[in-house]
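Each remark here refers to the structure printed beneath this line.
The values are calculated or read from the model by the stated rules, or taken from the named source; none is laboratory data. Keep in mind that this is a model prediction, so the values were computed, not measured. Counting neighbours? That spans all protein chains shown, and the Cβs are built from the backbone with ideal geometry, glycine included. To get the accessible areas, we keep the full protein, side chains included, count just its heavy atoms, and leave off ligands, DNA and RNA. Shrake-Rupley method; radii C 1.70, N 1.55, O 1.52, S 1.80 Å.
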Amino acid sequence: NEIVNEVYNKLITNGKVMLIGSRGIGKSTVATYIAWKLLLDKQINSIIKINKLDISDGLYLNNLINHSGNNVLVIYDPSPIEAYYDPEAMQTVEHESIKNTLKELTEVKNAWVITVLPTEEITDELDVFKNPTINVNLKDKEFLKEVIKKYSGCCDISDDLINKVMNFDTYTLVAKYVGIYLREKGCKDSEKII
């Protein structure tokens, strides 16, 4: 809730926010949650998710926003859906494409913009696009325990298992799959997971 509130408030205040952090920790989920919250609060009427923009796309996007008359949220998340089950898929995203898209997003008017970038993609030349930035860090024992519980249906999750999950860079994604494994094993064999 702290991260969601921080993102929400910065987005309302500044109109743009960039979520950064390691892959697989929940940045895209936070962006989706914010989108739903904005919809429920009737702050926006439309959501546009983009993977990249070139010059003609940027012009089209601005025209679409200007002519729609709606309050619009644009979410830029270059991670393909495959990145959630195949980390190598993120390597297909070209750094130059990210840089060009961020440049085009600075030209987007009359819309709120959430950018989601893995820390691994941030370079010095992208620093000009990083304002305001929120470093998403969900490495919290209680949070990860709840993720495992939700996916597994198990009530008793050991601190030792949570500590092992926290050793991974993609801790939230690992917690999800630990939960799925435990559900399949009937909440047994937790020592064999990691």
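Overview of values
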| item | result |
| --- | --- |
| When residues of the stretch 45-77 are limited to those that are in a helix (DSSP H, G or I) and among the hydroxyl-bearing types (Ser, Thr, Tyr), the one nearest to residue 8 (Cα to Cα) | 68 |
| Cβ-Cβ under 6 Å pairs, at least 6 apart or on other chains, the stretch 41-56 side under 21 Å from residue 78 (Cβ atoms), far side in a loop (DSSP other than H, G, I, E, B) | 46/70; 51/78 |
| Index of the failed condition, residue 52 passing every other in (1) touching a helix residue (DSSP H, G or I) at 6+ places or on another chain (Cβ under 6 Å); (2) crowded, with 19+ Cβ neighbours inside 10 Å | (2) |
| Of residues in the stretch 131-161 being open to solvent by 60 Å² or more (accessible area, probe 1.4 Å) and under 30 Å from residue 101 (Cα atoms), the one modelled with the lowest pLDDT | 131 |
| Residue list for the stretch 19-29, filter: touching a helix residue (DSSP H, G or I) at 6+ places or on another chain (Cβ under 6 Å) and under 20 Å from residue 1 (Cβ atoms) | 19, 20, 21, 25, 26 |
| Candidate set: the stretch 139-185, residues that are among the small types (Gly, Ala, Ser) and in a helix (DSSP H, G or I); chosen: the one farthest from residue 20 (Cα to Cα) | 152 |
